[in-house]
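This report refers to the structure that appears directly beneath it.
Nothing in this text is a laboratory measurement; each read-out follows from the coordinates by a stated rule. Please read these numbers as outputs of a predicted model, since none were measured by experiment. Because the Cβ atoms are built from the backbone with ideal geometry, glycine has one as well, and the counts that use them run over all protein chains shown.
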Amino acid sequence: MKPIVNPIVMKEVNTDIVRNALRIEKQATKQRVSTLTGLSTVTVGTILNQLIKDKEVYETDLVPSNGGRPARSFCYNAEFTHTLIIYTHVQSNKNTVFSSIINLFGECVLEKNFTIEKIFLDSFEPLIDEMIKKYPTIKAIGFGLPGIEYDHVMMINDYEHLKDTCFTEHYKNKYSIPTITENDVNLAALGYCHSHFIEDNAVVYIYFPQKYEPGAGIFINGDLYKGMNNFAGEIKYLPIGINWKEINYFDFDTICSAISKLVIAVICTFNPTQIIVSGEFLTDSHLQRILWNCKQTIDEIVTPQILMSENFDLDFKNGLSIRTLELVKSQKSFY
């Protein structure tokens, strides 16, 4: 007995297939989309006509077709829907809020950044109000913060006034827009691995903000590892005898010794392929000393690559952009 196929469901599935193919290609002919998707040109044509009607796709100029009749080309409308990403981290020892409007190609179309002394639950509302007024097409909001949310409650956060709040639920309910909140270093790890085309390896990304204690993001086999309660990566609690709040980051020997102990603990726990360290104070000299220290304690064969990322902000932003766009693309009601 053949399975019963719901034509409405099949239409939605085929529409998603065409949508995703054209989004990746950005511009393509009907025949090209048919080849990419395996759907007939008639089916593709019908779907494209509906997407044009919805303004998600638009037609462009005719394209030469090797001696045949010129074919019409179709473009995916990257501005059909937008996401708003908001993330915070320390820059020049000041709490800084970064925000961007991202289109469906992952391109930034608007940025606004500012410093802030203290961060409260409602601190981001004026910014969101302004951005939604400019871009009513915002269909998802993504926050990147130095903390952990578990079971809808902000369990740990560097900003004391956000602890024990229902942060994500507050913004989701206030704006009726799907909202996610992710840990800052988790996002930096995701952004770094994505931009370096890392999929199968184990990578630990360690960030030293100086004003606050360090944190780590763990990327294993193509995704983030967060642990049972999203607590994985809270390396400041490792019992290695270092007071990260009091340490002098500009005492070369002291900080290299401390980071080496931390890196060795990470190596023994995760046996990663790469460890990425990031912090405004770090230099190649730090990296060389840390690697040398590690090799005095553990065998070289188990010592991973220890690399430095000089742009935590970009890694962070890329990771948050990826996560928030995934949220948009997973919701059919957004289109």
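Annotations for the structure displayed:
- Peptides ranked, highest mean first, by Cβ atoms within 10 Å: ranges 320-329, 305-314: 320-329, 305-314
- Dimensionless Rg/Rh of segment 41-181 - Kirkwood Rh, Rg from C-alpha atoms: 1.16
- Measuring against 32 Å, Cα to Cα, the residue pairs LYS53/LYS172; LYS94/LYS236; LYS134/LYS317; LYS118/LYS295; LYS226/LYS295 contain LYS118/LYS295 as the ones spanning a longer distance.
- Computed on the Cα trace of the chain, the radius of gyration divided by the Kirkwood hydrodynamic radius gives Rg/Rh = 1.05.
- Take every Cα pair under 8 Å whose residues are at least 6 apart in sequence, average their separation, divide by the length of segment 223-305, and the relative contact order is 30 percent.
- Mean Cβ count within 10 Å, highest first, over the residues of peptides 42-52, 136-146: 136-146, 42-52
- Most fluctuating residue given options PRO70, PRO214, PRO272, as computed from a GNM of the chain linking Cα atoms under 10 Å: PRO70
- Volume of the convex hull of segment 195-312 (Cα atoms only), normalised per residue: 109 Å³.
- Relative contact order for segment 89-248: 15 percent, from Cα pairs under 8 Å spaced at least 6 residues apart, divided by residue count.
- Taking N as its residue count, the alpha carbon Rg of segment 7-76 over 2.2 N^0.38 Å: 1.05
- Over the chain, relative contact order from alpha-carbon pairs under 8 Å, at least 6 apart, %: 14 percent
- The chain: angle of helix 184-195 to the longest principal axis, Cα-based, in degrees nearest 10: 60 degrees
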